[in-house]
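Shown next, in structure tokens, is the structure this report addresses.
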Amino acid sequence: MEWKLGHPQLYLNVFSRELDSLYVLGFVEFADAAYKRFDEMAQLIMIDINARETGVRKAELTQLKRTDTPDLRGGVKYVDSARHTNYAERATFMAYLAQFRDRFGWHDVDDHTYDALRAEAQSTPSSPSLSEPPKETSHV
């Protein structure tokens, strides 16, 4: 893997450019709350896994990971230091991810993306409740 200023060179700060199943989540800094961005980055990983497992548009995605170098800083001139290597301008990053999702036919991650999972977890009686402490077990 190629490194620069002590940091791996990743596609969209998520994908290894050389190893198809190596992902890094959260290796980016924004002047914004990052939690929703992490959901969006996790979705990128799912897009890649889907392409890898189904073969659908895998070659196209692999080519992007190898050669696409978008300016995720949106023209902002951050301090030229190792600490600022992974800075991305939020609006630019979000716009690029929206184009990426559209290109591969995936929907936007919004406040309702996980509603079905939440409802399923709440209706499953075997799911542990967050309000109940775990049951103690004997380890004899």
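If you check G74, G26, which single one turns out to be at pLDDT below 85, within 19 Å of A98 (Cα to Cα) and not aliphatic (A, V, I, L, M)? Give the steps one after another, and end with the answer.
On the way: G74 fails: at pLDDT below 85.
G26 is the lone residue from the list that is at pLDDT below 85, within 19 Å of A98 (Cα to Cα) and not aliphatic (A, V, I, L, M).
Please specify each residue of the range 51-68 satisfying the condition of being in contact (Cβ under 8 Å) with a residue 24 or more places away in the chain and open to solvent by 50 Å² or more (accessible area, probe 1.4 Å).
Listed by number, the residues that qualify are R52, R57, R66.
For the range 86-98, does any single residue satisfy the condition of being surrounded by fewer than 11 Cβ atoms within 10 Å (Cβ to Cβ) and farther than 15 Å from Q9 by Cβ?
There is no residue in the range 86-98 that is surrounded by fewer than 11 Cβ atoms within 10 Å (Cβ to Cβ) and farther than 15 Å from Q9 by Cβ.
What number of residues within the range 99-123 are open to solvent by less than 50 Å² (accessible area, probe 1.4 Å) and modelled with pLDDT under 85?
So the answer is 1.
List the number of the failed condition for D20; all other conditions in (1) in contact with a Ser or Thr (Cβ under 8 Å, 6 or more places away or on another chain); (2) loosely packed, with under 14 Cβ neighbours inside 10 Å; (3) not hydroxyl-bearing (S, T, Y) hold.
With respect to (1) in contact with a Ser or Thr (Cβ under 8 Å, 6 or more places away or on another chain); (2) loosely packed, with under 14 Cβ neighbours inside 10 Å; (3) not hydroxyl-bearing (S, T, Y), D20 is out only on (2).
If you go through the range 25-38 one residue at a time, how many are surrounded by 17 or more Cβ atoms within 10 Å (Cβ to Cβ) and free of Cβ contacts under 8 Å to residues at least 60 places away in the same chain?
Residues meeting the conditions: 1.
The values are calculated or read from the model by the stated rules, or taken from the named source; none is laboratory data. As the structure is a prediction and not an experimental result, all values here were calculated from the model. No Cβ is skipped: glycine too gets one built from the backbone with ideal geometry, and neighbour counts run over all protein chains shown. Surface accessibility is based on the protein's heavy atoms, side chains included, excluding ligands, DNA and RNA. Shrake-Rupley method; radii C 1.70, N 1.55, O 1.52, S 1.80 Å.
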